[in-house]
1. Please go through region 47-143 and write out the trypsin sites (Lys or Arg not before Pro) that DSSP classes as loop and that have at most 14 other C-beta atoms within 10 Å.
2. Restricting to lysines 8 or more places apart or on different chains, can you count the pairs in the chain with Cα atoms under 19 Å from each other?
3. Considering all projection directions equally, how large on average is the shadow of the alpha-carbon convex hull of region 64-143, in square nanometres?
4. Hey, what do the phi angles of region 142-157 turn into as Karplus ³J(HN,Hα) couplings, whole Hz, using 6.51/-1.76/1.60 and θ = phi - 60°, x for Gly and Pro?
5. Once the Cβ-Cβ distance between S142 and I56 is put in as r, and R0 is 30 Å, what FRET efficiency do you end up with, to the nearest 0.05?
6. Using every pair of alpha-carbon atoms in the chain, split the distances into 10 Å bins beginning at 0 and state the percent of pairs per bin, rounded to integers.
7. In whole percent, what relative contact order does region 40-150 give with Cα contacts below 8 Å and a gap of six or more residues?
8. Subtracting the Cα-Cα distance from 0.36 nm times the residue separation, let me have the gained length for D165 to T29 in nm, one decimal.
Amino acid sequence: MKQVLGILLALLMLTLPCMAAMAEEEIETIVTIITTPPQDRAERPPCFPDPADDFIPLPESENYALGKPVSAGAHTDVYVSKNVNDGKTDTYWESKGFPAEMVIDLQGAFSVTTVAVCLNPSSIWEPRTQEIAVLVSTDGVSFTEVAAAAKYDFDAATGNRIRIDFEAVQASFVKLVFTMNSSSRTGGAQAAEICVY
Ligand SMILES: [Ca+2]
């Protein structure tokens with residue numbers, strides 16, 4: 001009997017390392033590394049439309065007006081002229097009355113084709129219409145009209161911005177003349193950003 005038990009014990013001792021090896025194989029860990037998407041913006045499920053899809057598109061080329069010197073007549077309250085090209089749509093210029101001229105010194109001669117006027121994109125800014133003409137100059141003294149006065153509709157649904165396109169022209173100075181704003185909240189022109197492309 002003792003002999004049988006001894007044999008069984010020996011067999012058990014022999015098979016234990018094999019069983020341990022099998023157990024190790026069975027619990028082999030598989031690691032899958034998944035890279036996370038960029039966390040700099042909220043993810044939007046594809047079934048939800050992006051409101052920006054309906055925004056009036058702006059050129060992706062350089063905005064020659066950004067940060068350049070500007071000059072305009074009297075402004076309302078704290079809404080000074082330099083707010084018009086500081087790159088922020090939450091700051092804006094508001095003229096005191098009409099007509100309201102805004103001149104941007106591009107500090108160099110550029111071939112320009114488009115002027116965009118943007119208001120704050122928030123829907124708190126109810127729809128309004130402004131009448132605007134665009135003129136250009138190479139010397140800052142003599143200006144040529146490139147877009148006659150016309151009415152443009154600003155609506156948060158389309159980004160609260162408009163663009164005025166014209167034939168390519170050399171310009172060192174761009175002047176906008178505002179002659180009407182349908183908003184009942186102001187008696188002047190309003191622009192959060194004026195961009196020149
Ligand atoms: Ca601004």
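What follows is calculated from the coordinates using simple rules that are stated; it is not laboratory data. Just so it is clear, the model here is predicted, and its values are computed rather than measured. No Cβ is skipped: glycine too gets one built from the backbone with ideal geometry, and neighbour counts run over all protein chains shown.
1. Details: sites: K82, K88, K96, R128; in loops: K88, K96.
Passing both the DSSP loop test and the Cβ count: K88.
2. Numbers: K68/K82; K68/K88; K68/K175; K82/K96; K82/K175; K96/K175; K151/K175.
The result is 7.
3. Working: hull surface 23.8 nm².
Mean orientational projected area (region 64-143, Cα hull): 5.9 nm².
4. With the stated coefficients, region 142-157 comes to 9, 10, 10, 6, 10, 8, 5, 3, 8, 8, 10, 8, 9, 8, 4, 5 Hz.
5. On the way: r = 31 Å, r/R0 = 1.03.
In this case the efficiency is close to 0.45.
6. 8, 28, 23, 9, 5, 3, 4, 5, 5, 5, 3, 1, 0
7. Working: 109 pairs, mean separation 20.9, N = 111.
Rounded, it is 19 percent for region 40-150.
8. On the way: separation 136, 0.36 × 136 = 48.96 nm, distance 6.19 nm.
Extra length available between D165 and T29 comes to 42.8 nm.
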